[in-house]
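Below is one structure, written out as C-alpha cells; the observations come after it.
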Amino acid sequence: MKKKILIVIANYYSSIADDLLNSALKEIKNLSIVKTIKVPGVFEIPVTISKFIKRYDAAIALGCVIKGETPHFDFISSATTDAIMKISVDTKKPVGNGIITCLNKKQAQVRSKKGKEAAQAVLSVISQK
C-alpha cells in the first residue's frame, strides 16, 4: 500500500527549491502518494506541516537558508529545525529535514540535491516495523 507523504517547500530561492523538490520526488514518486505545498520561506514550513500532518503518513521539509550579515540565519535555522523535530516526535511520524543551510548561493546550488536524502530518510522510517 502506498504511503501518503506531504512535502512542504519554501520557494524563496526558487531554483534551489526546484532542485530540492525534484530530487525528493525522484526518490518517492512511484512509492507514495505525494502532496506538495509551497510556502514563502522556511519559517513557514513547520506550521504548515503541523496543520496537515494528521492526513499523512510522513512529511518532508525542503528549503534553503543562506547566511547573511545578521544573526537572522542562526535564529531561523535553529527554530525551524527544532520545530520540525518536535512535530515528528509529538506525532510519531517521520518528518524528513531537507532544509539546507549554506554560507552562500554557490554552496546552496551544490547541495540542492539533498531533497533525495530527506526522502530516503522518511522512506526508511516509514518502513520500520
Lys113 paired with Lys26, simple spin-label distance in nm, labels 7 Å along Cα-to-beta-carbon: 0.6
5 Å-binned pair-distance histogram of the chain (Cα, whole percent): 2, 12, 24, 25, 20, 11, 5, 1, 0, 0
List the residues whose amide H sits under 5 Å from the amide H of Val95, counting only those 5 or more places along or on another chain, with H placed 1.01 Å from N in the peptide plane. Ala59
Could you check the spin-label model distance between Ser15 and Asp90? Points 7 Å from the Cα along Cα→Cβ, value in nm. 3.7
Label-point separation (nm) for Ile37 and His72, each offset 7 Å from Cα along Cα-to-Cβ? 2.4
Calculated from backbone phi, Karplus (6.51, -1.76, 1.60) coupling profile of segment 11-20 in Hz, x at Gly/Pro: 9, 4, 9, 4, 5, 5, 4, 4, 5, 4
Charge-dipole axis of segment 3-126 as Lys and Arg at +1 and Asp and Glu at -1 on Cβ define it, positive-most pick from Phe73, Ala10, Ala121: Ala121
Can you give me the angle between helix 72-91 and the longest principal axis of the chain, using Cα atoms only, in degrees from 0 to 90, rounded to the nearest 10? 10
Need one number: convex hull volume per residue for segment 26-93, Cα atoms only, in Å³. 95
FRET efficiency estimate (nearest 0.05) - Cβ-Cβ, Thr81 to Lys54, R0 22 angstrom: 0.50
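Report, in deg cm²/dmol and to the nearest 500, the calculated mean residue ellipticity at 222 nm for the chain, where each DSSP H run with n ≥ 4 adds -39500 (n - 2.57) and the sum is divided by the residue count.
Working: 5 runs with 61 residues, N = 129.
Calculated at 222 nm, the ellipticity per residue is -14500 deg cm²/dmol.
Rounded, prolate or oblate: which one fits segment 86-129, using the alpha carbon gyration tensor with axes a ≥ b ≥ c (rounded when a/c is under 1.5, else prolate when a/b beats b/c, else oblate)? Can you show the working numbers first?
On the way: a/c = 6.11, a/b = 2.05, b/c = 2.98.
It is oblate, given that a/c is not under 1.5 and a/b is not larger than b/c.
Each reported figure results from applying straightforward, stated rules to the coordinates on display, with no laboratory input. The model shown is predicted, which means the values in this text are computed figures rather than measured ones. Glycine also receives a Cβ, built like all others from the backbone with ideal geometry; neighbour counts cover every protein chain displayed.
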